[in-house]
Amino acid sequence: MRIIVLSIFLICAGVAAPAGAETQLADPKPDFDNPRKIMLQLTSGDPKDMNNVLWNAINLQKFYGIDNVKIAIVGYGDGMKAFYKKGSPARERIESHLKYEIEFIGCGNTMTATQRSPDELIPGVKHVTAGIAEIVERQLQGWIYVRP
């Protein structure tokens, strides 16, 4: 009986179960002058996958602080479906994310292959010649590449 009472006390006091550890920030710590630069890829046309990437972006801003992180979402292939004004299942969320300085970059090669044009993109979404090349070049510039 004493063991049960002691176990209940320890659990209620938070002693028995290990507490979650806080993520340790690497040096140099991110700040306004030295933000983390994180690039997410979007290659799926599935609305669930699109929303997952968008939530990842917001969660990163919450963790680091909006002034301490730069986020770019690079779309190519089927992921470009999120970036078009007409038919995007994520249009409202992308427009909202643009207000929080999340950068959206579409792939010109995908647009050419699907006979789409830059004026069909949601206002504020940028485009480059090749989405994959954009990812490579940003990595070489120190951006962290996350493939959710």
TODO: Take residue 116 and decide whether it is more than 15 Å from residue 71 (Cβ to Cβ) and surrounded by 14 or more Cβ atoms within 10 Å (Cβ to Cβ).
DONE: yes
TODO: From 76, 64, grab the single residue that is at pLDDT 90 or above, among the hydroxyl-bearing types (Ser, Thr, Tyr) and within 26 Å of residue 115 (Cβ to Cβ).
DONE: 76
Task: Selection count where residues are under 19 Å from residue 135 (Cβ atoms) and either touching a residue at least 40 places away in the same chain (Cβ under 8 Å) or surrounded by fewer than 16 Cβ atoms within 10 Å (Cβ to Cβ) (or both), scope the stretch 80-93 - done: 2
- [ ] Go through the residues of the stretch 111-126 one by one and say whether even a single one is closer than 28 Å to residue 22 by Cα and either under 15 Å from the mean Cα position of the chain (by Cα) or part of a strand (DSSP E or B) (or both).
- [x] no
TODO: Using the structure shown, decide if residue 13 is modelled with pLDDT under 50 and either loosely packed, with under 11 Cβ neighbours inside 10 Å or in contact with a His (Cβ under 9 Å, 6 or more places away or on another chain) (or both).
DONE: yes
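The values are calculated or read from the model by the stated rules, or taken from the named source; none is laboratory data. None of these values were measured; they are calculated from a predicted model. Reconstructed Cβ throughout: ideal geometry from the backbone, glycine too, with neighbour counts over all protein chains shown.
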